[in-house]
Amino acid sequence: MITFKNYFVKTNSVGMLIIISLSFLFTASCKSDKKELQHETVKIEKENVIEIITENMDFQMTDTISSGWNTFRYKNLSPQTHFFLIDKYPKGKTSEDAENLVAPVFDSAMKLIMEGKTEEGYNEFSKLPKWFNEVVFVGGSGLLSPNQVGETTLNLKPGKYIIECYVKMSNGKFHTSMGMTKDIVVTNADSGNKELEADILINISSTDGIVFNDSISSGKHIFSVFYKDQIVHENFVGHDINLVKLDENANLEELEHWMNWADPKGLIEPAPNAVTFIGGVNDMPKGNIGYFTATLVAGNYALISEVPNAKNKNMLKTFSVLK
Ligand SMILES: [Cu+2]
């Protein structure tokens, strides 16, 4: 309820802002008129994004969005690292099923894995409901460090979805069990938004890994991520793209291990030192494309997938941005 209330308050203030700007336009140029007003309205619609805010193990966002192309602006205002991933659950399954039937299995499995009982841990997954392997990941953001804002653009078909984050707390409990699941409805009405045009093209596949042209200048870029294929990796998830800013002391080996949730020390708080996650595009099925926007300053970066042995799979690539 608090979540919805917050959203409502925010939506209202945005709405008020639009009304105020429009009325200003109206009075300032009452003669010159409708044309300009229409122009202004179009501009506002074009800039329309779906805001998602995390403050405390939550997704503060609207529950209903239009279909087609949508840009999600994800603000991580919490002290933890998060992402959002959109899941298409089988018909009739909701976030309640995710919380009651899926999350507890992952939590107990992780608990055993952390105690060193790896085999027993993996055996727990046989308790997952049968329909779980019908869940389709249809995209989302990459990982985002605290106080980062990421923009990811996805094309969604109408239907019911669940949005989740399965990063772990320091005790191994998944954020999914802490409130980071939410039902969303994508309506038949199309957003009217156009597909973005990227200036940096990334291809990802199980055969070639991450492929892109790594001569990248500083400034704002739109990255496209094309999923040439998709497979289930050893940790049950598909490959994805995360953009990471590397500080001088960044340890790539540590980062690589951390990216695997099934590792007792993976995808858990605290995140590795000297790296900042600045977005990306989460798992999508073969043939899909998603976009993300990032502003790069001079320095070192990595693109990495959230899979075991990313380096061997060519899914850990570094590049430098010059001034
Ligand atoms: Cu999270």
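The table below gives the values:
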| item | result |
| --- | --- |
| Within a Gaussian network of the chain (alpha carbon springs, distance under 10 Å), most fluctuating of 61, 284, 114 | 114 |
| Protection proxy ranking of 49-58, 208-217 - average other beta-carbon atoms within 10 Å, highest first | 49-58, 208-217 |
| Loop-resident sites, the stretch 80-154, for trypsin sites (Lys or Arg not before Pro), counting at most 10 other Cβ within 10 Å (DSSP) | 91 |
| Residue 184 long-range amide H proximity, modeled H, under 5 Å | 161, 162, 163 |
| Distant-in-sequence amide H partners of residue 148 (H built 1.01 Å from N, under 5 Å) | 76 |
| Cut-off under 5 Å, modelled amide H: who pairs with residue 294 long-range | 221, 223 |
| Table column - 3J(HN,Hα) (Hz), the stretch 220-235, Karplus curve with 6.51, -1.76, 1.60, x for Gly and Pro | 8, 10, 9, 9, 9, 10, 9, 8, 5, 8, 8, 9, 8, 7, 4, 9 |
| Positive-pole candidate from 123, 185, 77, dipole of the stretch 63-204, charges at beta carbon | 185 |
| GluC sites (Glu not before Pro) lying in DSSP loop within the stretch 146-224, provided at most 14 other Cβ fall within 10 Å | 195, 197 |
| Residue 161 - accessible surface, heavy atoms, 1.4 Å probe, Å² rounded to 10 | 10 |
| Accessible area per residue, Å², the stretch 136-275 with all protein chains present, probe 1.4 Å | 44 |
| Surface share of carbon and sulfur [accessible, 1.4 angstrom probe, percent] for the stretch 45-157 | 47 |
| Inter-label distance, nm, simple model (7 Å from Cα along the C-beta direction), residue 297/residue 263 | 2.8 |
| Computed over the chain: relative contact order in percent, which uses C-alpha pairs under 8 Å that are six or more apart | 19 |
| Span-like helix ranges in the chain, DSSP H, alpha carbon extent 15 angstrom or more, Kyte mean at least 1.0 | 2-28, 103-114 |
| For the stretch 141-279: relative contact order, % (alpha-carbon pairs under 8 angstrom, 6 or more apart) | 28 |
| Over the stretch 82-134, equivalent-ellipsoid semi-axes from the Cα gyration tensor in Å | 23, 13, 9 |
| Simple spin-label estimate for residue 134 and residue 94 in nanometres, 7 Å along Cα-Cβ | 1.8 |
| The chain, helix-only ellipticity at 222 nm - DSSP H runs n ≥ 4, -39,500 (n - 2.57), divided by all residues, nearest 500 | -6500 deg cm²/dmol |
| Relative contact order (percent, whole number), the stretch 52-127, Cα cutoff 8 Å, 6+ residue spacing | 20 |
| Exceeding the 29 Å Cα-Cα cut-off - candidates 111/157; 111/286; 127/168; 157/228; 265/317; 160/313 | 111/157; 111/286; 160/313 |
| Accessible area (Å², 1.4 Å probe, nearest 10) - residue 228 | 100 |
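The values are calculated or read from the model by the stated rules, or taken from the named source; none is laboratory data. Quantities reported herein were computed from a predicted structural model and do not represent experimental measurements. A quick note on method: Cβ atoms are made from the backbone with ideal geometry, for glycine too, and the neighbour counts reach across all protein chains shown. Side chains are part of the model used for accessible areas, which takes the heavy atoms of the whole protein and leaves out ligands, DNA and RNA. Shrake-Rupley method; radii C 1.70, N 1.55, O 1.52, S 1.80 Å.
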